[in-house]
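Scroll down for the structure; my scribbles are underneath it.
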Amino acid sequence: GSGGGVAMADGDGLMSVDYEVHGKVQGVFFRKYTQGEAKKLGLVGWVQNTSHGTVQGQIQGPAARVRELQEWLRKIGSPQSRISRADFSNEKKIEALEHKEFQILK
């Protein structure tokens, strides 16, 4: 590699992103399915219900896998859920994972 710039090889390295999913996402096992999907993809982070009817959390892991879960959160979700939109924020590259596993927070 040549010196200077940072290589933006997407899918390489670890990334972290926060998310909030809007729609009918509470009371439909959304958190349980999100945890299952994250574990399947080998991601860590957390998911929780908010007081205003959305589901929010953070995802960390290999960039390509994080992207897969973002797509899942945007389009699929749990079988009974109705996702109106998913917002993603604070996307950044990280050197190391800040979580041990993917947890459902109360």
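The values are calculated or read from the model by the stated rules, or taken from the named source; none is laboratory data. A quick note: this is a predicted structure, and the numbers were derived from the prediction, not measured. Methodologically, a virtual Cβ is constructed for each residue, glycine included, from the backbone with ideal geometry; neighbour enumeration extends over all protein chains shown. Surface areas here come from the heavy atoms of the whole protein model, side chains and all, with no ligands, DNA or RNA. Shrake-Rupley method; radii C 1.70, N 1.55, O 1.52, S 1.80 Å.
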Accessible surface of Ser81 in the full protein assembly, 1.4 angstrom probe, to the nearest 10 Å²? 10
If we count GluC sites (Glu not before Pro) as exposed when they sit in a DSSP loop and have at most 13 other beta carbons within 10 Å, what is the longest stretch of the chain that avoids them all? 1-94
Could you sort Arg31, Arg74 by accessible area so the largest value comes first, with the probe set to 1.4 Å? Arg74, Arg31
Ranking Leu41, Leu105, Leu69 from most to least accessible area with a 1.4 Å probe gives Leu105, Leu41, Leu69
Give the accessible area for Thr50 in Å² (nearest 10); use a 1.4 Å probe, count only protein heavy atoms, and leave out ligands, DNA and RNA. 20
Rounded to the nearest 20 debye, dipole of the chain from Cβ charges on Lys, Arg, Asp, Glu: 500
Rounded to a whole number, what is D in µm²/s for the stretch 11-66 from Stokes-Einstein with the Kirkwood radius over alpha-carbon pairs (25 °C, 0.890 mPa s)? 211
Seen from all sides and averaged, what is the projected area of the convex hull of the Cα atoms in the chain, in nm²? 7.0
Mean accessible area per residue over the stretch 48-106 (1.4 angstrom probe, all protein chains present, square angstrom) is 62
At 0.890 mPa s and 25 °C, Stokes D of the stretch 38-83 from Kirkwood alpha-carbon radius, µm² per second: 216
Solvent-accessible area, 1.4 Å probe, carbon plus sulfur percent, for the stretch 53-106: 48
